[in-house]
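Report on the following structure.
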Amino acid sequence: MKIAKPRYLYHGSPEELDRIEPRLARGVGPEKDRLHAVYATHIQNLAIVFSLPFIPNENNNLSFQVSFQTDEPEIHLEAGSLDMSRPGFLYTVPSASFEQLDDEQWISYSPVEPCGKIQINPKDFLHWLRSGRRE
């Protein structure tokens, strides 16, 4: 569904960044796309999911699914864990260079300078976690 482009979008990262560079996606979006781009969303809670500092398991696997039953997401953690020892970061980015990819995601093929940053404490979002694959 095409929506009007908002003035600002959100980008979540477990790393503190001064500039957000395009990188290859892991294919976790609705279309499992793997574009080399900067991903953002107009849904703040979805961006927060990607700001959380997840770490791979002992086999170097990290896998999760995200679903929404309400405004708060459910994160179905299949492999890996949440690192409680460090924060994540939610960035506000200007939408000018972004194009809509699907109902939730926007992409820019150019580096993006954030215009705002909020530190995210993973302990505040533990209630979003579920273990195992979503049925």
Within segment 106-125, the residues that are touching a strand residue (DSSP E or B) at 6+ places or on another chain (Cβ under 6 Å) and surrounded by 12 or more Cβ atoms within 10 Å (Cβ to Cβ) are 106, 107, 108, 109, 112, 114, 117, 118, 120, 122
Just to be sure I understand, how many residues within segment 90-101 are surrounded by fewer than 15 Cβ atoms within 10 Å (Cβ to Cβ) and under 17 Å from residue 50 (Cα atoms)? 0
Confirm whether residue 21 is open to solvent by 50 Å² or more (accessible area, probe 1.4 Å), modelled with pLDDT of 95 or more and over 20 Å from residue 72 (Cα atoms). yes
Residue hits (segment 90-135; assigned to a strand (DSSP E or B) and aliphatic (A, V, I, L, M)) are 90, 93, 107, 112, 118, 120, 129
If residue 128 passes every condition in (1) open to solvent by 20 Å² or more (accessible area, probe 1.4 Å); (2) over 12 Å from the mean Cα position of the chain (by Cα); (3) in contact (Cβ under 8 Å) with a residue 12 or more places away in the chain but one, which one does it miss? (1)
Going through segment 63-89 in order, the residues found to be of a type in the set (Gly, Ala, Ser), part of a loop (DSSP other than H, G, I, E, B) and open to solvent by 40 Å² or more (accessible area, probe 1.4 Å) are 85
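The values are calculated or read from the model by the stated rules, or taken from the named source; none is laboratory data. A quick note: this is a predicted structure, and the numbers were derived from the prediction, not measured. Don't worry about glycine lacking a Cβ; one is built from the backbone with ideal geometry, like all the others, and counts go over all protein chains shown. Heads up: the accessible areas ignore ligands, DNA and RNA and are worked out on the full protein's heavy atoms, side chains in. Shrake-Rupley method; radii C 1.70, N 1.55, O 1.52, S 1.80 Å.
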